[in-house]
Amino acid sequence: MNRTRHDGPLIVGGGLAGLSAALEAARAGAKVLVVTPEPLLNACSSAWAQGGMAAALTAADSAELHAKDTEAAGAGLVKPDATRALTAAGRETVEWLAALGAPFDRDAEGGFVVSLEAAHSVARVARVGGDGAGRAILSAVVAAVRAEKLIEVWDDARLKGLAQDEDGRVVGAVVARGDRLVEITATAVVLATGGAGGLFAATTTPAALKGEGLALAARAGAEILDPEFVQFHPTAIDVGLDPAPLATEALRGEGARLIDGAGQFLLGAEDDADLKPRDVVARAVHAARSDGRGAYLDARTAIGEAFPHEFPAVFAACMRSGLDPRVSPIPVMAACHYHMGGIAADADGRTTVAGLYAVGECAATGVHGANRLASNSLLEAATFGRRAGAAVAGETGGGRPLPVVVSPDLPEAAMADLRTAMTAHAGVVRDANGLLNLIALIDQLESRHGATASLLAARLIAQAALDRRESRGGHYRADYPQTDTAAEHTRIRLAQPATLEAAE
């Protein structure tokens with residue numbers, strides 16, 4: 001194994017959260033190393049985000065109202081302090097990104113154009129080019145990173161393990177660069193490894209994101225918070241692609257409607273019926289498909305001929321599949337879209353393990369609770385990413401790293417079996433029998449292929465879903481449809497490989 005010493009923080013991940021952290025750490029004078037398995041702008045969820053960034057940007061809105069909507073969507077598990085820190089920084093974060101060159105849509109007076117999305121009480125989602133926010137915002141951040149002399153980027157390095165000293169402090173990581181393993185020691189490690197959508201057969205996220213950062217943090221002793229809460233987007237475009245293209249929620253905000261094959265409304269005829277929280281809409285889509293009625297997003301009247309310039313990404317995805325959304329409803333399905341649970345972290349990214357930070361989708365800061373409010377994820381990535389960068393810049397490191405156990409990879413065929421089972425049994429609707437079958441499959445795959453990080457991530461989700469005997473937010477149990485009066489977090493620590501125990 002090759003070894004290298006980096007005198008500064010190591011950031012694992014090249015999405016909006018990781019790069020925001022890198023910029024802020026460099027601004028504080030730290031020398032930053034960013035490692036990512038793909039070139040910047042590739043294979044990260046930030047670049048795929050369509051809707052935009054939620055923030056209080058108009059006279060009709062406020063940070064307090066934004067926080068209230070976030071807490072309502074989160075079904076009792078949103079942490080108020082973290083949420084208020086997030087929403088209070090909304091305008092500042094959007095303006096920071098705009099100053100970097102993010103071309104947010106503007107009105108004639110120069111203000112931010114905002115749109116309405118589900119469960120927001122007012123229009124507050126800042127957009128770019130209709131549905132191109134993620135890539136445009138991240139492109140501006142990438143340009144700033146490439147211009148920063150204190151930031152070095154390795155775009156061919158995949159995380160394989162975390163290095164700890166004898167006190168348990170994280171002091172670096174092992175990455176794979178081609179067929180070589182490299183151990184990097186650093187003053188601290190920031191995980192910005194994204195979500196776990198690649199564990200599901202039906203997903204809107206890059207398939208390479210399999211929750212491996214979550215799993216390796218758990219192995220290092222970090223507390224894992226609420227891993228059972230996975231958000232399923234109700235309008236993934238069902239045209240047989242993996243990952244599935246996304247039809248942004250902003251389409252429904254502009255009046256597009258969900259219908260079945262007979263043209264009947266899925267959620268009712270009221271104008272705002274399709275703007276309920278995502279878990280409610282996802283279950284309606286799932287039920288219509290399960291019943292054989294089909295599910296479609298009808299934007300012919302609401303968008304029609306404006307599709308090519310109002311929603312160019314969705315229009316292009318449809319046309320590539322031989323579907324013209326101006327004249328035909330779009331077939332849709334509910335697909336894994338965002339992991340609300342993750343590595344327990346505060347608003348500065350600090351986890352329960354010294355020297356280890358987590359930001360973005362792999363982190364669980366408490367701002368999403370059981371059901372993420374639409375377009376809060378890009379805001380969280382940039383806002384808390386910057387805070388983590390400022391915090392990690394002050395870290396001074398620890399002792400010598402102990403030997404690192406490198407996680408094996410799961411073979412492609414076994415991963416396909418796991419993904420199919422995760423969608424079937426840990427998807428929109430769950431029950432005990434399905435989850436027990438899923439856990440049995442994980443046991444079998446682990447016995448054949450070893451304790452891979454992806455299998456551990458799947459186990460964390462499945463076991464927590466089995467243990468939560470209620471329905472709340474994105475977690476729906478057909479055998480426990482009630483919502484308990486008291487909202488309780490799931491807190492998990494890894495006792496030993498492949499074994500879970502509740503945190504004290």
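Readers should treat all values here as calculations from the given coordinates under stated rules, not as data from a laboratory. Predicted model only: the values in this text are computed from it and were never measured. Positions of Cβ are generated from backbone atoms using ideal geometry, with glycine treated the same way; all protein chains shown enter the neighbour counts.
Assorted remarks:
- 5 angstrom amide H check on Q231, placed H, neighbours 5+ away: H337, Y338, H339, M340
- Dipole-positive endmost among L275, G134, A390 within the chain (Cβ charges, Cα centre): A390
- Once C-alpha pairs closer than 8 Å and six or more residues apart are averaged by separation and normalised to the residue number of region 235-336, the relative contact order reads 36 percent.
- Fully extended contour minus Cα-Cα distance, from K68 to N2, at 0.36 nm per residue: 18.8 nm
- Full-stretch length increase - R326, R146 - with 0.36 nm per residue and alpha-carbon distance subtracted: 60.8 nm
- Amide H contacts of V114 (H built 1.01 Å from N, under 5 Å, at least 5 apart or other chain): none
- Summing charges over neighbours of G255, with a neighbour being any other residue whose Cβ is under 11 Å away from its Cβ, gives -2 when K and R count +1 and D and E count -1.
- Ranked list, fewest to most other Cβ atoms within 10 Å of each Cβ, for E223, E270: E270, E223
- For region 67-206: rounded, prolate or oblate by the Cα gyration tensor [a/c cutoff 1.5]: prolate
- Restricting region 107-208 to trypsin sites (Lys or Arg not before Pro) that sit in a DSSP loop and have at most 10 other Cβ atoms within 10 Å of their own Cβ leaves K149.
- Sorted by Cβ neighbour density within 10 Å, fewest at the top, the residues Y480, Y296, Y338: Y480, Y296, Y338
- Cβ charges +1 (Lys, Arg) and -1 (Asp, Glu), total dipole of the chain, debye: 780 debye
- With helices as the sole contributors, the chain gives -10000 deg cm²/dmol at 222 nm; each DSSP H run of n ≥ 4 counts as -39500 (n - 2.57), and the sum is divided by every residue.
- Top positive-direction residue, dipole computed over the chain with Cβ charges, set G51, A89, A363: A363
- When S45, S328 are sorted by how many other C-beta atoms sit within 10 angstrom of their C-beta, beginning with the fewest, the order is S328, S45.
- Label point of S121 set 7 angstrom out along Cα-Cβ; within region 78-100, amide nitrogens under 19 Å from it belong to 78-91.
- Sequence-ordered 3J(HN,Hα) estimates for region 32-48 from the Karplus curve with 6.51, -1.76 and 1.60 and θ = phi - 60° stand at 10, 10, 10, 10, 8, x, 10, x, 4, 5, 9, 6, 9, 5, 4, 6, 8 Hz, glycine and proline given as x.
- Inter-label distance, R491 to E470: 1.7 nm, where each label sits 7 Å from its Cα along the C-beta direction.
- Paramagnetic reach from A287 in region 330-344 [backbone N under 16 Å; point 7 Å along Cα→Cβ]: 334
- Sorting 424-431, 484-491 by their mean Cβ neighbour count within 10 Å, with the most densely packed peptide first, gives 424-431, 484-491.
- Multiplying the residue separation of A99 and T58 by 0.36 nm and subtracting their alpha-carbon distance yields 12.9 nm.
- Evaluating 6.51 cos²θ - 1.76 cosθ + 1.60 at θ = phi - 60° for every residue in region 357-367, the Karplus couplings come out as 10, 9, 9, x, 5, 6, 8, 10, 8, x, 7 Hz, glycine and proline recorded as x.
- Qualifying lysines (Cα of each under 23 Å from Cα of K276; at least 8 residues distant if same chain): K68, K79
- With both labels modelled 7 Å from their Cα along Cα-to-Cβ, the A316 to D417 distance reads 3.8 nm.
- Backbone geometry of region 475-487 corresponds, through the Karplus equation with coefficients 6.51, -1.76 and 1.60 at θ = phi - 60°, to 3J(HN,Hα) couplings of 9, 10, 9, 4, 8, 9, x, 6, 9, 4, 4, 8, 8 Hz, x marking Gly and Pro.
- Percent RCO, i.e. relative contact order, over the chain, from Cα pairs under 8 Å lying at least 6 residues apart: 23 percent
- With K and R counted +1 and D and E -1, the other residues having a Cβ less than 15 Å from that of P37 yield a net charge of -1.
- Rounded to 0.05, the FRET efficiency of the A451 and R400 pair, given R0 = 35 Å and the Cβ-Cβ distance, is 0.90.
- Annotation: the antiparallel percentage among DSSP beta bridges lying fully within the chain is about 65.
- The amide H of A363, built 1.01 Å from its N in the peptide plane, has I343 as neighbours under 5 Å, considering only residues 5 or more places off or on other chains.
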